[in-house]
Number of protein chains: 2
Amino acid sequence: MAAPQQFFSYVDGNAGSFIQRLAKAVAIPSVSGDGSSRKHVFAMAEFLAHEMEALGIQVNSVDLGNHVLDGEELPLPPVILGSFGHDPKKKIILVYGHYDVQPALVSDGWDTDPFVLSPDEKTGRMYGRGASDDKGPLLGWLNVLEAHIKSNIELPVNLRFCFEGMEESGSEGLDELINSRVGPGEFFDGVDCVCISDNYWLNDRTPCVTYGLRGIAYYKVQVSGPQRDLHSGVFGNTVHEPMTDLIHLLGQLVSTKGEIKIPGISSLVAPVTADEMKRYEVLDYTVADIEHSAGAQVAISDNKTRVLMGRMREPSLSIHGIEGAFSAPGAKTVIPARVSGKFSIRLVPNMTPENVDILVFRYLQEEFAKLGTKSALKIENLHGGKPWLADPNHWNYRAAIKATETVYKKTPDLTREGGSIPVTLTFAEALGVNVLLLPMGRGDDGAHSTNEKLDRSNYIEGTKLLGSYLHEVGIISKS
Amino acid sequence: MAAPQQFFSYVDGNAGSFIQRLAKAVAIPSVSGDGSSRKHVFAMAEFLAHEMEALGIQVNSVDLGNHVLDGEELPLPPVILGSFGHDPKKKIILVYGHYDVQPALVSDGWDTDPFVLSPDEKTGRMYGRGASDDKGPLLGWLNVLEAHIKSNIELPVNLRFCFEGMEESGSEGLDELINSRVGPGEFFDGVDCVCISDNYWLNDRTPCVTYGLRGIAYYKVQVSGPQRDLHSGVFGNTVHEPMTDLIHLLGQLVSTKGEIKIPGISSLVAPVTADEMKRYEVLDYTVADIEHSAGAQVAISDNKTRVLMGRMREPSLSIHGIEGAFSAPGAKTVIPARVSGKFSIRLVPNMTPENVDILVFRYLQEEFAKLGTKSALKIENLHGGKPWLADPNHWNYRAAIKATETVYKKTPDLTREGGSIPVTLTFAEALGVNVLLLPMGRGDDGAHSTNEKLDRSNYIEGTKLLGSYLHEVGIISKS
């Protein structure tokens, strides 16, 4: 049975206050990857705990201790564990979200202040860092709970919340916490399934449920030579230049067509089956869709299936930037003394950070040796996470599909996602239950990029979707 | 005849106040390449004009109008023209210097605040941005004038000063000004020779006079694709990535051994003569010297002559950095939408910015076409300057050599420099007189790099050198 009508009515009637809740959250620049913003990540945790307690959720903010970020020791943001409902006749549904965000500066090219939720009344788009990734979906769960409480609707399940503040920076400390709380009587004991809303539709029109994620292995490759930066006039053509060496090294990683040049990577990739191929063919997705999301005609291929597989079931290698070189506007005639290339590889079955590390380290060392330079090489793996695949025929998925059909009057696409949410795998392995990804946002939301947005309708209908999902799960006999 | 003893005594006796003068100048962050520092460049011009007028120099600060820097229209810093002495029986010596500096941030790796002159009493090194390039030498001329006035020593020449504030950013507007003031009765009319103190000794022990400079052609290569930055998980292996394209393109510019790969460049380089080869062999310079200056064993060759020629008479290509990519510490999983590689080529006879531009633009376009990407390419020449060579047997050089022998008791090395001072060529061509480069600083001063310094002894003895040079020039009969 779908969620009762009063639930939908309450959500529609309180859309304005739900958007206010999101605006408050976006206003807190909880950037986990930048040490100077750490206080804001903690402020976001306090805001969240306060909102949850106001809804009657039993909250426990777990201190994860300290970590070192760029040489500075910093306190880790807490993991917020919440409990609502202890009825043994009801299933226990664990929902996960993260309250930290990617870095964002107006100077990156934002049209609005990234930390002020800026709704465009005409398009219904609400711009702001974290609006879609992942503050909107996270607050969606609180909206659902508020709607039930204020409308005196009984919640058909017991809810457990796990909200972290380091997802954009490798989820440090989370795995250890989860694995330490799975025993009898512990917080995660008895969880029947997990629902995570932290990804996106394939396009801007068709909802989806997601049963796979790529993993990641993120690398920092440092090349150093002179003791300090040098004048390119005085030293040009007299010393080995680390920047030249690094450029040559990074050029050996991936072709301009996206093919990873590191030997052994392709043989780690699980072969595609005929059944799997069919799934890509039926998806409501075109090459035009991805070019619409990217805002330009830059698709790597004109073949829909090739592009979909490139995102869902093939690895990728992206070079993100260089630390230590001249990066400002203008012209500086410097030979940088120490430069660090940053790149990451998205992992698919059967790749793991461990088996990829071996190939990457060996390859970089071999290619660097070929350069015949006097510069020094240092390779670091900054963070990693395995890929994940779930069974899309599980009751958890059937409930999500039913709820989507109820709210959106459409059968959702059954997708695998290109991004990484390492915790998904942690939950699947630590709790041994089915994990579902039920996205709220659209494929063109621009998570991690400038002008990130969440459509008003996705936020409001998405809140209805999360609520409906709980009711669909609730009516499935607890076996 | 060398300068009178009272001159040397005054310089020694007033070293402290001369260093204070330098400290005041270093404290003004006159970075010409960064629009936000422009007000400081103007403050530096005011400081200088005030110091000059206090010495009785007739000062004329010439407004050069506005220019556009990174899309922002800014006023150009003034060129400060100064006159001291109008005795028709004396030569007119034009001295040039620049009061702007390269960018510098503590976060670049400075051990001290770059804009606080920080003397190390033990080593005698005085650290600070601009200490050696070029505020120390520029103030050296004022020290010389002060010494003569306060000691009632007649200056043996008429002095003309030309101090600019845009040298580190292409000397915008200067050439036009010079060429407009060379006519009869104009400021530069009647100049007998030019002396510029804006380069360095080869090493840290032997003074030199310099008769050649490399030119420069500085390029910005922009590769753009998506409309905005993208999430590498969502878009990795589905779109052409500008950063991958740029890395491949930059990798085609220069080998890790310093060989420029752009076809046609090497055939522009004037062949070396036997006489010229000899000059390199006799220089007081070893591979160990350059590695000492660089602070690491990173010389491109173990052959002294190869390294010297690489700096003095061969072109070089340095990749300075990338604008628009992720350059901060930490890990950001972004596909940058628009990235711009910055590189420059040091030019030697018979290369010119014009004949090099043709080769660079054509080559980059050809190589980019081979990449088979949907990204877009845009190439800009940010600034350029021709190489310069003078006759080292001219009386202007003989005077400098004599003065060096008087002050340092050493015959100076006769060198060509790797850096660019385009104005040198402008003076040579516009005034049709001999131009001399008479450096104050050492080869390990670290101009343009972190922890730039000027040795106390080089500042004080260098002041004596500039004064002695004026006396040596003064006694040569004005013909």
ask   = Of the residues that sit in region B:298-319 and are more than 9 Å from every other protein chain (Cβ to nearest Cβ) and in a loop (DSSP other than H, G, I, E, B), which one is surrounded by the fewest Cβ atoms within 10 Å (Cβ to Cβ)?
value = B:Asp302
key: region B:281-297, subset among the aliphatic types (A, V, I, L, M) and buried (at least 18 other Cβ atoms within 10 Å of the Cβ), residue farthest from B:Asp444 (Cα to Cα)   = B:Leu283
Among the residues listed as B:Lys278, B:Lys220, the single one being open to solvent by 10 Å² or more (accessible area, probe 1.4 Å) and farther than 27 Å from A:Met243 by Cα = B:Lys278
key: region A:76-92 residues that are more than 23 Å from A:Trp395 (Cα to Cα) and part of a loop (DSSP other than H, G, I, E, B), paired with ones that are of a type in the set (Val, Ile, Thr) and open to solvent by 10 Å² or more (accessible area, probe 1.4 Å) (beta carbon under 7 Å, 6 or more apart)   = A:Pro78/A:Val62
task = Kindly indicate the residue of region B:222-253 that is hydroxyl-bearing (Ser, Thr, Tyr) and either free of Cβ contacts under 8 Å to residues at least 60 places away in the same chain or within 7 Å of chain A (Cβ to nearest Cβ) (or both) and also farthest from A:Gly215 (Cα to Cα) among those meeting that condition.
result = B:Thr244
query = Hey, A:Ser61 hits all of (1) surrounded by fewer than 16 Cβ atoms within 10 Å (Cβ to Cβ); (2) assigned to a strand (DSSP E or B); (3) among the hydroxyl-bearing types (Ser, Thr, Tyr) but one; which does it fall short on?
reply = (1)
note = Note: among A:Arg456, A:Arg442, just one is at pLDDT below 95 and of a type in the set (Lys, Arg), namely A:Arg442
ask   = Tell me, which residue of region A:96-112 that is over 21 Å from the mean Cα position of the chain (by Cα) and either under 20 Å from B:Ala328 (Cα atoms) or not acidic (Asp, Glu) (or both) is most open to solvent (accessible area, probe 1.4 Å)?
value = A:Ser107
request  = Give the residues of region B:82-93 that are of a type in the set (A, V, I, L, M) and surrounded by fewer than 23 Cβ atoms within 10 Å (Cβ to Cβ), sorted by residue number.
outcome  = B:Ile92
note = Restricting region A:433-479 to residues that are in contact with a Lys or Arg (Cβ under 7 Å, 6 or more places away or on another chain) and basic (Lys, Arg), the one farthest from A:Pro137 (Cα to Cα) turns out to be A:Lys478
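Those residues that are within 24 Å of B:Leu470 (Cβ to Cβ) and open to solvent by 10 Å² or more (accessible area, probe 1.4 Å), I need them from region B:134-179; list them, please.
Matches in region B:134-179: B:Glu146, B:Ile149, B:Lys150, B:Ser151, B:Asn152, B:Ile153, B:Glu154, B:Leu155, B:Pro156, B:Arg160, B:Glu167.
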inquiry  = Criterion first (more than 24 Å from B:His383 (Cβ to Cβ), hydrophobic (A, V, I, L, M, F, W, C) and crowded, with 18+ Cβ neighbours inside 10 Å) does B:Ala45 satisfy it?
reply    = no
message = I'd like to know if region B:398-413 contains one or more residues that are open to solvent by less than 10 Å² (accessible area, probe 1.4 Å) and within 28 Å of B:Asp108 (Cβ to Cβ).
response = no
inquiry  = Need the failing condition index for B:Asn381 against (1) within 17 Å of the chain's Cα centre (by Cα); (2) open to solvent by 30 Å² or more (accessible area, probe 1.4 Å), just the number.
reply    = (1)
request  = Scan region A:326-346 and report the pairs whose first residue is assigned by TED's automatic domain parsing to the domain that holds A:Val234 and whose second residue is basic (Lys, Arg) and open to solvent by 10 Å² or more (accessible area, probe 1.4 Å), with Cβ atoms within less than 7 Å and a gap of 6+ or a chain change.
outcome  = A:Phe326/A:Lys332; A:Ala337/A:Arg228; A:Ser340/A:Lys220; A:Lys342/A:Lys220
From A:Gly467, A:Gly419, residue being assigned by TED's automatic domain parsing to the domain that holds A:Ser9 and either open to solvent by 10 Å² or more (accessible area, probe 1.4 Å) or within 18 Å of the chain's Cα centre (by Cα) (or both) = A:Gly419
Any hit, region B:426-442, residues being of a type outside the set (Val, Ile, Thr) and in contact with a His (Cβ under 9 Å, 6 or more places away or on another chain) = yes
note = Of (1) part of a strand (DSSP E or B); (2) within 14 Å of chain B (Cβ to nearest Cβ), A:Pro114 satisfies every one except (1)
Single match in B:Gly385, B:Gly372 (criterion: at positive phi and within 14 Å of chain A (Cβ to nearest Cβ)) = B:Gly372
ask   = Taking B:Asp204 and the conditions (1) open to solvent by 10 Å² or more (accessible area, probe 1.4 Å); (2) at pLDDT 95 or above, which numbered condition does it fall short on, given that it satisfies the others?
value = (2)
remark   = Counted residues in region B:329-362 being buried (at least 20 other Cβ atoms within 10 Å of the Cβ), farther than 30 Å from A:Ser37 by Cα and of a type in the set (Ser, Thr, Tyr) come to 1
message = Criterion first (without any contact (Cβ under 8 Å) to a residue 24 or more places away in the chain and on the phi > 0 side of the Ramachandran plot) does B:Gly432 satisfy it?
response = yes
query = Applying the selection to region B:252-293, what residues are among the polar types (S, T, N, Q), modelled with pLDDT of 95 or more, assigned to a loop (DSSP other than H, G, I, E, B) and under 17 Å from B:Arg306 (Cβ atoms)?
reply = B:Ser255, B:Thr256
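The values are calculated or read from the model by the stated rules, or taken from the named source; none is laboratory data. Remember, predicted model here, so these are calculated numbers, not experimental data. Positions of Cβ are backbone-derived with ideal geometry, glycine not excepted, and every protein chain shown enters the neighbour counts. Ligands, DNA and RNA are stripped out before the accessible areas are found, and what is left, the full protein with its side chains, is counted by its heavy atoms. Shrake-Rupley method; radii C 1.70, N 1.55, O 1.52, S 1.80 Å.
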